[in-house]
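**Student:** Mind looking over this structure? Questions follow.
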Amino acid sequence: MKFKLSNHTKEVMVSRNILEGWVRSTIENPSAQVKIDEKEIHYFGTIHEHGNRCLKVVVNPINNLVVTTYFDRKKKKEGCR
């Protein structure tokens, strides 16, 4: 899937040390995916290179825009599913 990064996403990726490749792999091969509504899908993926932390990527599928991304502590405890 082709996607664009919002300005907010670019900023938080820098501040949170999140690599674009991690975002891409989470979207392309998620361990879990939750459709909130037609404008919001949450993708989750385990980032082994970052201590097996669970990365959450929020995407607006209408325009393929990554709205935000962060390491989800709650999901890590649940196994990133």
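**Student:** Taking the stated definitions as given, is Lys39 touching a Pro at 6+ places or on another chain (Cβ under 8 Å) and basic (Lys, Arg)?
**Tutor:** yes
**Student:** Restricting to segment 17-38, count the residues that are touching a strand residue (DSSP E or B) at 6+ places or on another chain (Cβ under 6 Å) and exposed (fewer than 13 other Cβ atoms within 10 Å of the Cβ).
**Tutor:** Residues in segment 17-38 being touching a strand residue (DSSP E or B) at 6+ places or on another chain (Cβ under 6 Å) and exposed (fewer than 13 other Cβ atoms within 10 Å of the Cβ): 2 in total.
**Student:** Scanning for something under 15 Å from Val67 (Cβ atoms) and in contact (Cβ under 8 Å) with a residue 60 or more places away in the chain, does segment 11-33 turn up at least one residue?
**Tutor:** no
**Student:** How do the helices (runs of 4 or more DSSP H) wholly within the chain filter down when requiring 2 or more residues that are modelled with pLDDT under 95 and among the charged types (D, E, K, R): which remain?
**Tutor:** Fully inside the chain and qualifying: 73-78.
**Student:** While we're looking at this one, here's another question. So Lys2 clears everything in (1) touching a strand residue (DSSP E or B) at 6+ places or on another chain (Cβ under 8 Å); (2) surrounded by fewer than 12 Cβ atoms within 10 Å (Cβ to Cβ); (3) touching a residue at least 60 places away in the same chain (Cβ under 8 Å) except one condition, right? Which one?
**Tutor:** (1)
The values are calculated or read from the model by the stated rules, or taken from the named source; none is laboratory data. Computed from a prediction, not measured in an experiment: that's the story for all the values here. For neighbour counting, all protein chains shown are included, and Cβ atoms are generated from backbone atoms with ideal geometry for every residue, glycine included.
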